[in-house]
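A short reminder: the numbers here are calculations on the coordinates, not readings from a lab. The model shown is predicted, which means the values in this text are computed figures rather than measured ones. Cβ: placed from backbone, ideal geometry, glycine included. Neighbour counts: every protein chain shown.
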Amino acid sequence: MAGRGEELKLLGMWASPFVVRVQIALRLKGLSYEYVEEDLQSKSELLLRSNPAHAGKVPVLIHNGKPVCESSVILRYIDEAFSGSGPSLLPADPYGRAVALFWAVFVDDTLLKARSQALRGETVEEKEEGRKKAAVAMETLEGVLMESKARFFSGRDVPGYLDIMLGGLLGSMRATEEMCGLQTFDPTTTPLLAAWAELFCALDAVELVMPRVERLVEYAEAMQQPRTAVSSTTN
Ligand SMILES: N[C@@H](CCC(=O)N[C@@H](CS)C(=O)NCC(=O)O)C(=O)O
């Protein structure tokens, strides 16, 4: 329910960083919505029907009955469909938009993929390679901040698309750091990103929806246990 007869429903799962992105965006835009928690082991008919291409991945935003999938696409959709509500997430000028979109793709395609390799690589060497790639990706992003190549939240303005794309991942990144030492943003090698992360996470719109690290750790550990143990920890 976004007002003026609009109906917004978000199909999500609390621990998903991609769902967190959408929740932050909706809150920053001041849009009210119905949140529907999905059990990813037993997806609802609505979820499967709404995102058939990905066999029912969350998040899915349903606006007046029409589904929009993929967090990066949903953020753009929210910005365009509700341009009159709250701050713009993407810059108005085409070049500024292109730059924000480029770095957001870098976050998912380079940083996230490297972290995933560091965690799930099949061999020790593969994991080590992932760690190195993740460190390089973080230093690259630090350079973006240092040279103001793209706009990041400074604490005095409003966060935008790129902040949300990176910031939505912070809870999961911190949980991973807790569990296996894969650092989020090292204050010595990436001090600007470390400071940015603190500022971003202190925002009300973020604090309200960012899952707590301890809960994420508990959940991730339970996911490694047999199914019966998982249900008893998450319910
Ligand atoms: N690239 C997608 C990723 C979405 C995604 O991986 N969602 C996970 C939860 S974190 C999911 O729904 N997994 C269930 C499945 O794969 O069946 C996005 O940004 O929305």
Once the in-chain neighbours fewer than 8 apart are removed, the aspartates and glutamates whose Cα is under 20 Å from Lys57 read Glu34, Glu37, Glu38, Asp39, Glu45, Glu70, Asp108, Asp109
For region 69-174, the Debye formula with one identical point scatterer on each Cα and no solvent gives log10 I(q)/I(0) at q = 0.15 Å⁻¹ as -0.68
CD proxy, 222 nm, the chain: helix-only mean residue ellipticity via -39,500 (n - 2.57) per DSSP H run with n ≥ 4, per residue, nearest 500, stands at -16000 deg cm²/dmol
Taking a straight Cα-to-Cα line shorter than 27 Å from Lys132, and setting aside same-chain lysines fewer than 8 residues away, one finds Lys113, Lys149
By the mean-Cβ-within-10 Å protection proxy, highest first, 87-95, 215-223 rank as 215-223, 87-95
Contact order relative to length for the chain, counting C-alpha pairs under 8 Å separated by 6 or more residues, stands in percent at 18 percent
Going residue by residue through region 123-136, the Karplus relation 6.51 cos²θ - 1.76 cosθ + 1.60 with θ = phi - 60° gives ³J(HN,Hα) values, rounded to whole Hz and with x marking Gly or Pro, of 10, 4, 5, 5, 5, 4, 4, x, 4, 5, 4, 5, 5, 5
So, over other residues within a Cβ distance under 13 Å of Phe185, counting Lys, Arg +1 and Asp, Glu -1, the net charge is -3
With +1 on the Cβ of every Lys and Arg and -1 on the Cβ of every Asp and Glu, the dipole magnitude of the chain about its Cα centre, in debye rounded to the nearest 20, is 440 debye
One quarter of the C-alpha convex hull surface, i.e. the mean projected area of the chain in nm², amounts to 13.4 nm²
Ranked output for segments 14-23, 150-159 by mean other Cβ atoms within 10 Å, highest leading, reads 14-23, 150-159
